[in-house]
Amino acid sequence: MKRQIPLLITFIVGIVMVVQYFIPRQPFAGLFDTFNQWFLIIAVFALILGLMNLVRLHVQKLRRMKGGWGYSIILLCGLVGTIFTGALWGIGTGSPFNYVFVNIQQPMGATMFALLAFFIASASFRAFRARNLDATLLLVAAVLVMIGRVTIGALIWNKLPHIAEWIMSYPNMAGQRAIMIGIALGTVSYSLRVILGIERTYLGGE
Amino acid sequence: MVQIIGIWVASLLTLCIFSFLYKDNPFYKFAEHLFVGVSAGYWAMYSWYNILVPNLGRPLFIEHEFILVIPLILGILMLLRLFPKVGWLSRWPLAFIVGMTSGYYLVTFLQTNALEQARATIIPLNHINNIILIIGVLTGLLYFFFSTRHKGGIGFAARIGRMFLMVAFGASFGYTVMARISLLIGRMYFLLGEWLHII
């Protein structure tokens, strides 16, 4: 019951998803859309589960007055406030919810990722040493692509943009293609193992 | 006025996050926690209005598509994970998600990532660039082939493949850096333009 039914569900759903691709007739034709709709619904419940977990974690932190509990209040206020504005006035353009998104969520998200520019720069400064041929190739490709794709690259040497383009179109494409084919073969074999019940780690312990 | 307040809030929060460049500090922690809370709330509401209402609420309760009771039950079972005694029931919706993803990826990855990429590599050897592309793909694949020891000719080919992979990683790295830098430029434009009106 605890393991057999989930394995059976995985097997049936997995096989149906494969079969519907090869038989574009009823009842298989509409199954992809139906399952996709179910998938989205369950995914939202998974999101709700995550939210509940987040709230539980921070409420516990507040109750026990653990270090940094004040930040938990900020987090919970942000969460409740956003849900409140969305639930009361909807999420359309010009709504308070949209105002929160444009002036709080979006700028902070962009800044968080922009912050990574500094860390990437500092990490590459430490890691990018031309110690051997492989490291040198990585370094040269990265530098040429970066310089070749900005205006100053063409000002330094007008061939740089062409070199960057050539790197992207041929050696880079070859490497990316090898990686993509490798990932695809790995995904196919892993998916087969999951559907056939050989791979069961997603079920957890017990 | 409301817009000006919004710009000030966004600017101050941006500065709070940038303050992490100095070191971890209460301003950064404040912004970080607010970001997590607001993002969680945002995605909750977004999913409610754009996924749950059109895919479950309206069809089930207004159009009476009772088949949707199945994903509703599976969704509720997912929430049982919070209760240790019946937590094992959450494996059922998880099994559905895993099964669907596996079945879907099995076919699509095989088609788009393996077959299409292999087909795109079958090109005439009439130009040095085409030769480079084919050698790169074949040797790169050989590098990932671990069923035989990388010695002699195979070892040499795998070595060539690794060099192509390094170029690909370097190019990807370059692109990642550029994407982050362009985000940084965007934030600077916002701070110096929209907020301070210097530029």
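Only the coordinates and a few stated rules stand behind these numbers; no lab work does. All values reported here derive from a predicted model rather than from experimental measurement. Quick reminder, even Gly has a Cβ in these numbers, built from the backbone with ideal geometry, and neighbours come from all protein chains shown.
Remarks
- Sequentially through segment A:42-52, phi angles give Karplus couplings (6.51, -1.76, 1.60; θ = phi - 60°) of 5, 4, 5, 5, 5, 5, 4, 4, x, 4, 4 Hz, Gly and Pro residues having no value and appearing as x.
- Likely footprinting exposure, A:Asp134, A:Asp33, fewest C-beta neighbours within 10 Å first: A:Asp33, A:Asp134
- Peptides A:106-112, B:109-115, ordered by how many other C-beta atoms sit within 10 Å of their residues on average, highest first, read A:106-112, B:109-115.
- As a calculated quantity, the FRET efficiency between B:Ile76 and B:Val2 at R0 = 45 Å, using C-beta atoms, amounts to about 0.65.
- Partner lysines whose Cα lies under 28 Å from the Cα of A:Lys61, excluding those fewer than 8 positions away in the same chain, are identified as B:Lys23, B:Lys29, B:Lys85.
- Taking other C-beta atoms within 10 Å as the exposure proxy, A:Phe118, B:Phe66 rank B:Phe66, A:Phe118 from fewest upward.
- With the simple model of a label 7 Å out from the Cα in the direction of the Cβ, B:Ile131 to A:Ile163 spans 2.2 nm.
- Label-point separation in nm, A:Val80 to A:Arg64, each point 7 Å along Cα→Cβ: 2.2
- Full-stretch length increase - A:Trp89, A:Ile198 - with 0.36 nm per residue and alpha-carbon distance subtracted: 34.3 nm
- For chain B, relative contact order (Cα pairs under 8 Å, six or more residues apart, normalised by length) works out to 13 percent.
- Shielding of A:71-84 by partner chains, average beta-carbon count, 10 Å: 6
- For the peptides B:73-81, B:127-135, the ranking by packing is B:73-81, B:127-135, with the highest mean count of neighbouring Cβ atoms within 10 Å listed first.
- Remark: the protein assembly as shown carries a charge dipole of roughly 1260 debye about the Cα centre, counting +1 on each Lys and Arg Cβ and -1 on each Asp and Glu Cβ.
- Neighbour-count order for B:Glu63, A:Glu165, B:Glu32, fewest beta carbons within 10 angstrom listed first: B:Glu63, A:Glu165, B:Glu32
- Restricting the chymotrypsin sites (Phe, Trp or Tyr not before Pro) of segment A:1-93 to loop positions (DSSP other than H, G, I, E, B) with no more than 15 neighbouring Cβ atoms within 10 Å leaves A:Phe28.
- Checking every one of the chymotrypsin sites (Phe, Trp or Tyr not before Pro) in segment B:1-61 against DSSP loop status and a limit of 11 other Cβ atoms within 10 Å picks out B:Tyr22.
- Averaged over the residues of peptide B:49-55, the number of Cβ atoms from other protein chains lying within 10 Å of each residue's Cβ is 4.
- Here the 3J(HN,Hα) profile of segment B:164-173, calculated from phi with Karplus coefficients 6.51, -1.76 and 1.60 at θ = phi - 60°, is 5, 4, 5, 5, 4, 5, x, 5, 4, 4 Hz, Gly and Pro shown as x.
- For A:Leu155 and A:Arg126, the FRET efficiency from 1/(1 + (r/R0)^6), where r spans their Cβ atoms and R0 equals 45 Å, is about 0.95.
- Cα convex hull of segment A:130-181, projected area averaged across orientations, nm²: 3.9
- Nearest-0.05 FRET efficiency for B:Ile160 and B:Ile62, computed from C-beta distance (R0 45 Å): 0.15
- All alpha carbon pair distances within the protein assembly as shown were sorted into 10 Å bins beginning at 0; the resulting P(r) in whole percents reads 4, 15, 20, 24, 25, 11, 1, 0.
- Estimated vicinal HN-Hα couplings, Hz - segment A:16-33 in sequence order (Karplus 6.51, -1.76, 1.60; Gly, Pro = x): 4, 5, 6, 5, 4, 6, 8, 10, x, 10, 5, x, 6, 4, x, 5, 4, 5
- Peptide A:9-22 has a mean shielding of 6, counted as Cβ atoms of other protein chains within 10 Å of each residue's Cβ.
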